[in-house]
């Protein structure tokens, strides 16, 4: 089965359009259409439902998607291995990152790696626990730098750092001058919840501790939550790394009892590791001590 045809299916399913897939893969739309139609003829069933609004996978197409992904990945790894044997260093890596890791660790890590391997392309995906778990299960990413997954059956896990959870308070909050903040006091506050229902650090702690919080506002990102706290609209909590470089008028206090988020490296099991991925892992191993020293 032709890997380029499988790649066309993957991109069309991701973009929902043959024309968008063609643009992403540098083909003409008619070229993509012919490739996918040819693959459907080979398989003897349809992969997509076509409409004026775009395309979407049939049930059979959904069943085939992970196998197409494996074919594409195996082809890419074979090409990278061939290049490696010939002394040509190139390839591609897809890295999924937790929001805090993406902003604090990745700029330095990618700068060092790109200087050494300028021909290795990197696709960086940012997400929360729920999205990253989905990507890991689909094996659509090569490396994850994330919070500890709840279910580690499909991937290996190595802890790199334990990041403390801090309460965010407005500067004029009555408890802003305390050395720490009692966790149960959160129940008396107007709470600002970031990405509720997405298996975030907030969701996990609230569930683990059985907290009954009065949610006043919900947001989609930590910086918006931070700004709402600054405006005196409530309190929240998050990882220390998230707000390390934010210099606004928000007081950050450790919880009592202390709570931490385990951050580390997750790798999909039973997925071949390409030479490009191996080089990135080696680079990360060499640089991790410096990254951790710069982390609060």
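The values are calculated or read from the model by the stated rules, or taken from the named source; none is laboratory data. Worth saying up front: this structure is predicted, and the values here are computed from it rather than measured. So basically every Cβ, Gly included, is an ideal-geometry build from the backbone, and we count neighbours across all protein chains shown.
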Looking at the structure I just gave you, is residue 1 in contact with a helix residue (DSSP H, G or I) (Cβ under 8 Å, 6 or more places away or on another chain), farther than 30 Å from residue 264 by Cα and exposed (fewer than 13 other Cβ atoms within 10 Å of the Cβ)?
yes
Say whether the condition of being closer than 22 Å to residue 129 by Cβ, touching a helix residue (DSSP H, G or I) at 6+ places or on another chain (Cβ under 6 Å) and surrounded by fewer than 18 Cβ atoms within 10 Å (Cβ to Cβ) is met by at least one residue in segment 220-235.
no
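Go through segment 241-268 and report how many residues are in contact with a strand residue (DSSP E or B) (Cβ under 7 Å, 6 or more places away or on another chain) and over 26 Å from residue 284 (Cβ atoms).
Kept after step one, since they are in contact with a strand residue (DSSP E or B) (Cβ under 7 Å, 6 or more places away or on another chain), are these residues of segment 241-268: 241, 243, 250-256, 258-268.
Okay, now just the ones that are also over 26 Å from residue 284 (Cβ atoms), so 250-256, 258-259.
Adding up the residues that qualify gives 9.
Just wondering, is there one or more residues in segment 207-214 that are more than 21 Å from the chain's Cα centre (by Cα), within 23 Å of residue 247 (Cβ to Cβ), modelled with pLDDT of 95 or more and assigned by TED's automatic domain parsing to the domain that holds residue 248? So that I can check it myself, show each step before the final result.
Here is the first cut: in segment 207-214, the ones more than 21 Å from the chain's Cα centre (by Cα) are 207-214.
If we keep only those that are within 23 Å of residue 247 (Cβ to Cβ) too, we end up with none.
Taking every residue of segment 207-214 in turn, none turns out to be more than 21 Å from the chain's Cα centre (by Cα), within 23 Å of residue 247 (Cβ to Cβ), modelled with pLDDT of 95 or more and assigned by TED's automatic domain parsing to the domain that holds residue 248.
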Of those in segment 150-201 that are in a strand (DSSP E or B) and without any contact (Cβ under 8 Å) to a residue 60 or more places away in the chain, the residue surrounded by the most Cβ atoms within 10 Å (Cβ to Cβ) is 194
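If you check residue 282 against the conditions, is it more than 21 Å from residue 141 (Cα to Cα), free of Cβ contacts under 8 Å to residues at least 40 places away in the same chain and either surrounded by fewer than 17 Cβ atoms within 10 Å (Cβ to Cβ) or in contact with a helix residue (DSSP H, G or I) (Cβ under 6 Å, 6 or more places away or on another chain) (or both)? Before the answer, list the steps.
Numbers: more than 21 Å from residue 141 (Cα to Cα): no; free of Cβ contacts under 8 Å to residues at least 40 places away in the same chain: yes; either surrounded by fewer than 17 Cβ atoms within 10 Å (Cβ to Cβ) or in contact with a helix residue (DSSP H, G or I) (Cβ under 6 Å, 6 or more places away or on another chain) (or both): yes.
For residue 282, the condition - more than 21 Å from residue 141 (Cα to Cα), free of Cβ contacts under 8 Å to residues at least 40 places away in the same chain and either surrounded by fewer than 17 Cβ atoms within 10 Å (Cβ to Cβ) or in contact with a helix residue (DSSP H, G or I) (Cβ under 6 Å, 6 or more places away or on another chain) (or both) - is not met.
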Which numbered condition trips up residue 210, out of (1) within 20 Å of residue 257 (Cβ to Cβ); (2) touching a helix residue (DSSP H, G or I) at 6+ places or on another chain (Cβ under 7 Å)?
(2)
Checking residue 238 against (1) in contact with a strand residue (DSSP E or B) (Cβ under 9 Å, 6 or more places away or on another chain); (2) outside any strand (DSSP E or B); (3) modelled with pLDDT of 90 or more; (4) over 30 Å from residue 66 (Cα atoms), which single condition isn't satisfied?
(2)
By residue number, the members of segment 267-278 that are out of contact with any helix residue (DSSP H, G or I) (no Cβ under 8 Å at 6 or more places or on another chain) and over 20 Å from residue 138 (Cβ atoms) are 278
Anything in segment 71-98 that is at pLDDT below 90 and closer than 21 Å to residue 133 by Cβ? List them, or say none.
73, 98
Reported set for segment 113-134 where residues are over 21 Å from residue 202 (Cβ atoms), touching a strand residue (DSSP E or B) at 6+ places or on another chain (Cβ under 8 Å) and crowded, with 17+ Cβ neighbours inside 10 Å is 113, 120, 122
